[in-house]
Structure formats: C-alpha cells, structure tokens
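Working notes, structure below.
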Amino acid sequence: MGRSVKRGIYDDKPFKQNLPTDPSFVMTGDEKKFEKEKQSFLVMINDFKEKNIKNEIHPFFGKLTKQQRSKAMYKYLDHHLQQFGV
C-alpha cells in the first residue's frame, strides 16, 4: 500500500487533514513530556542534513531518493506545524 501512495509524499500538494495516526505514535500518561519531546524535535530538525540522510529502504514507502525524503520531511513538518498553529 505504501508504494501506491508514495507519489503523494513528494508532490506539491499538502497532506490531507484528519488522516489517522499510527497507534505506535500516540502518547499517553507519563510519556507526555512536552519539553523533552520539544528538545528531541529540535535536535532532529538540526540533524536533518543531506550528509545524514541514509539511503535505506523506507519500511512503508520503499526506496526513496534523498530529494524525496527531504520533500516528505518538509511536508510532514509543515502539516503538523500548521495543525498546531505554529
């Protein structure tokens, strides 16, 4: 299924709203430590450089180029930052 929707992660259209969240990403109880998650997020953003992008097979989308991974990351971040009004 991932390969059939792969084109949507690197085109110029924004992600659709209200798509379901994979249950493994849902945080509950003590796992919700905003400042800790915020710091992890900032580290991830600062580490996202071409030299750090690994040419590994994505578990859902299959093979992606560095350009496709970069575009997907941009769209992912833009989607969630807009979602929270940032």
inquiry  = So the check is Cβ under 9 Å with 6+ separation or different chains; which pairs have a first residue in region 67-86 that's assigned to a loop (DSSP other than H, G, I, E, B) and a second one that's modelled with pLDDT under 85 and not small (Gly, Ala, Ser)?
reply    = Val86/His80
Single residue of region 74-86 satisfying the filter (hydrophobic (A, V, I, L, M, F, W, C) and more than 14 Å from the chain's Cα centre (by Cα)) that is surrounded by the most Cβ atoms within 10 Å (Cβ to Cβ) = Val86
ask   = Mind checking which residues of region 28-53 are at positive phi and within 15 Å of the chain's Cα centre (by Cα)?
value = none
ask   = Is it true that Glu35 is at pLDDT 85 or above, among the charged types (D, E, K, R) and farther than 28 Å from Thr65 by Cα?
value = yes
ask   = Has region 52-72 got any residue that is hydrophobic (A, V, I, L, M, F, W, C) and under 20 Å from Phe84 (Cβ atoms)?
value = yes
message = Checking the condition in contact with a helix residue (DSSP H, G or I) (Cβ under 9 Å, 6 or more places away or on another chain), in contact (Cβ under 8 Å) with a residue 60 or more places away in the chain and outside any helix (DSSP H, G or I), which residue from Phe15, Phe60 passes?
response = Phe15
key: Whichever residue in region 54-73 is over 13 Å from the mean Cα position of the chain (by Cα) and charged (D, E, K, R) and, among such residues, is surrounded by the fewest Cβ atoms within 10 Å (Cβ to Cβ)   = Lys54
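The values are calculated or read from the model by the stated rules, or taken from the named source; none is laboratory data. Please read these numbers as outputs of a predicted model, since none were measured by experiment. Every residue, glycine among them, receives a Cβ derived from its backbone with ideal geometry; neighbour counts consider all protein chains shown.
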